[in-house]
Structure formats: structure tokens, C-alpha cells
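The structure appears below as C-alpha cells.
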Amino acid sequence: MQYRDLGDSGIRVSEICLGSWLTYGVGVDDSAGRACLDAAFDVGIDFIDTANVYGRGAAEEFLGRALAGRKRDSYVLATKVFFPMSDRNKGLSRAQIAKQIDASLTRLQTDYVDLYQCHRYDPDTPLEETMEALSDVVRSGKARAIGFSEWAPEQIEAALALCPPNVKFVSSQPQYSLLYRRPEAKVIPVSMGHGIGQIVWSPLAMGVLSGKYLPGTPPPDGSRATSEDQHFMERYLAEDVLEAVQQLRPLAGEAGCSMAQLAIAWLLAQPGMTSVIVGASRPEQVRDNAAASGLDIDPALLNKAAAILEGVRLS
């Protein structure tokens with residue numbers, strides 16, 4: 001496992017981050033979740049990402065139980081705030097940030113998180129109020145650093161203009177993959193100019209880049225495409241997309257890795273990258289994804305992979 005700086009925070013994290021959306025505390029039982037967490041630590045993953053809204057607190061509660069026996073300085077823990085926890089508890093107001101960080105820390109059974117992230121931008125709260133509240137969280141010792149997810153370039157720049165006196169963002173968490181490359185246009189360049197690292201979510205385009213979904217064939221039983229989450233990935237299941245993805249299979253063979261590892265290695269080779277978030281319901285998935293870290297793949301081969309998907313990528 002290789003490690004990188006989290007923006008200019010001074011925090012080092014593993015290139016692979018274990019995520020918990022739609023899995024721990026929700027769709028995966030505790031024993032399977034603990035097995036995945038153990039596998040992550042075994043292969044050197046020390047970065048764990050969650051959010052208060054995942055399972056309305058259930059993911060954080062699981063991690064609080066599962067991490068309780070580990071030394072707090074042996075892992076880097078990130079969570080998020082914004083989405084509704086109830087009809088009245090949502091957004092990025094001063095009151096909500098103060099309330100939600102305390103609730104997250106209680107569920108996580110820790111005194112602090114390493115990274116506290118705005119899950120989205122809140123148009124209903126003045127940005128000055130949000131940044132002041134986040135700065136208070138850091139200065140109180142309840143978080144070491146702050147970040148954001150899926151903010152527009154102009155929102156990022158407006159927040160940076162308020163720092164100092166406020167604490168500066170050190171991380172961005174965008175959707176980014178070989179099939180979704182929108183952050184390349186503005187978000188990543190803006191971030192790189194201000195010491196903000198990228199923590200990528202959906203690196204496998206909801207699993208499509210793993211190659212398990214075949215054109216002209218029903219999705220495998222038990223896969224995300226057969227679950228209630230299927231609507232999240234409809235755009236990735238078009239026949240032309242699936243046909244193009246299968247053209248990556250010989251490239252992965254040439255590189256001596258799985259298709260998922262190839263897709264993750266491509267991301268890690270891009271400018272501004274800090275870590276790639278992977279989800280897993282089985283330990284073997286953790287191990288397979290983690291093996292993408294440190295792969296020595298010819299850049300020409302990675303460029304060829306991107307070229308194959310150029311005509312079908314969604315952004």
C-alpha cells in the first residue's frame with residue numbers, strides 16, 4: 001500500500017480508502033463488515049470514509065463499534081454533514097454543524113474525526129456562516145481538517161476567499177472515473193492550485209468498470225444492478241458503454257491486473273489525486289481493490305484505456 005498527503009493538511013492517508021455508503025450498518029451485517037474492515041487494515045488501508053446520513057447514523061454506529069479496539073492514531077477517519085437526518089436536521093448552518101459533529105462523534109465513539117466534509121453545498125445558509133462553523137469545529141479539536149464533496153468551482157473559490165481568517169478546505173470528494181470525468185475541467189485544477197487533494201468516489205462507475213456487467217446479458221444475481229439501488233446506475237448500463245468496457249479486458253490482461261485494478265490505477269495516475277474510495281461487502285473485494293495501489297502500469301496503456309472509453313463516457 002502506498003500513501004499520499006491529504007492536500008496540504010499534513011495528514012498522510014492510504015491511496016485506497018474504505019467507504020461505507022450502502023454497506024456497513026445498512027446492507028451488510030456486522031460480521032461481514034468487520035471482516036472487510038480487518039482485511040482493509042491487513043493490506044495497509046488506514047483511511048475510512050463515512051457520513052452521518054449513511055443509514056441515518058447506522059454506518060457511523062457500526063464503525064464506532066468495529067473500531068473501538070484499535071488505537072485511534074492507527075487510522076484516519078472521515079465523515080460528512082449536510083443531508084437530512086430528520087425533517088429539521090439538515091444543511092450547513094452554524095447550529096446544524098455544531099449539533100451534527102457532536103452526534104457523529106458520539107456514534108463513532110471518538111473525540112475527533114480527522115476530516116469533516118460538507119456532503120454538498122448549502123444554498124440556504126450564508127457561506128460565511130458555514131465556514132465560520134467549520135473553523136470552530138477544527139479549532140475546538142473535534143476535527144483535524146475540513147473538506148467538501150461535489151461543490152461547483154465558483155463555490156470552492158468563494159470559500160477559499162474567506163480563508164483566512166477561516167480554516168481552509170484540504171480535500172474534495174468528487175465522483176470521478178474513466179466513465180465520469182467532469183472534475184477534470186475545473187474542480188481539479190482549482191483544487192490543485194490551493195492545496196486541495198481529491199478523494200474520489202464511484203471509481204468503478206457503480207461496478208461497471210469491474211467488467212462484471214456484460215452486454216446483452218442480464219446483470220448477475222445479487223449485484224447492485226439487481227437491487228433497489230439500480231436506478232443510480234442506469235446510465236452506465238447502456239449497451240454501448242458495456243461493450244466499450246469489455247474492450248478493457250485485454251488491456252488489464254496485458255497489465256497483469258483485474259479490470260477494477262486497471263480503473264483504479266488510472267485514477268491514481270491522474271493529477272491531484274490523493275485517494276480512491278472503494279466499497280466492499282466481502283474481504284476479497286477489499287484485497288482486490290487495494291492491490292491497485294502501487295501498480296506499475298505503462299502510462300501508454302492507461303491512455304489507451306481512456307481512449308477506448310472516450311466515445312461513451314458520460315462526462
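The values are calculated or read from the model by the stated rules, or taken from the named source; none is laboratory data. In this text, all values refer to a predicted model and were calculated from it rather than measured experimentally. Cβ sites come from the backbone with ideal geometry, for glycine too, and all protein chains shown count toward neighbours. Ligands, DNA and RNA are excluded from the accessible area calculation, which covers all protein heavy atoms including side chains. Shrake-Rupley method; radii C 1.70, N 1.55, O 1.52, S 1.80 Å.
Remarks
- Extending 7 Å from the Cα toward the beta-carbon at both residue 73 and residue 139 defines two label points whose distance is 2.6 nm.
- For the chain, the Cβ-based charge dipole about the Cα centre amounts to some 420 debye (Lys, Arg positive; Asp, Glu negative; other atoms uncharged).
- Spin-label pair residue 65-residue 88: with each label point 7 Å from Cα along the Cα-Cβ axis, the two points sit 2.9 nm from one another.
- Largest to smallest in accessible area, the residues 194, 119 fall in the order 194, 119 (1.4 Å probe, all protein chains included).
- Using a Gaussian network model of the chain in which every pair of alpha carbons under 10 angstrom is joined by a spring, one finds that among 50, 79, 217 the greatest mean-square fluctuation is at 217.
- Averaging the Cα positions of each part gives two centres, and for the stretch 257-279 and the stretch 58-121 these lie 26 Å apart.
- With contacts taken as Cα pairs under 8 Å and at least 6 residues apart, the stretch 74-163 reaches a relative contact order of 32 percent.
- On full extension, the segment bounded by residue 307 and residue 41 gains 92.3 nm, given 0.36 nm per residue less the C-alpha separation.
- The chain, accessible area per residue, ligands and nucleic acids excluded (1.4 Å, Å²): 41
- Mean Kyte hydropathy of -1.0 or more with a Cα span along the axis of at least 15 Å, helices from DSSP in the chain: 30-42, 94-108, 127-139, 299-309
- Build a GNM of the chain with springs between Cα atoms under 10 Å apart, and of 190, 286, 278 the one that fluctuates most is 190.
- In nm, spacing of pseudo-spin labels at residue 12 and residue 129 (7 Å Cα→C-beta vector): 4.1
- Here residue 99 is the anchor, and the lysines within straight C-alpha reach of less than 30 Å, apart from those fewer than 8 places off in the same chain, are 71, 80, 90, 142, 168.
- Förster radius 25 Å - calculated FRET efficiency between residue 157 and residue 182 (Cβ-Cβ, nearest 0.05): 0.90
- Atom-type composition of the exposed protein surface of the stretch 20-150 places 46 percent of the accessible area on carbon and sulfur (1.4 angstrom probe).
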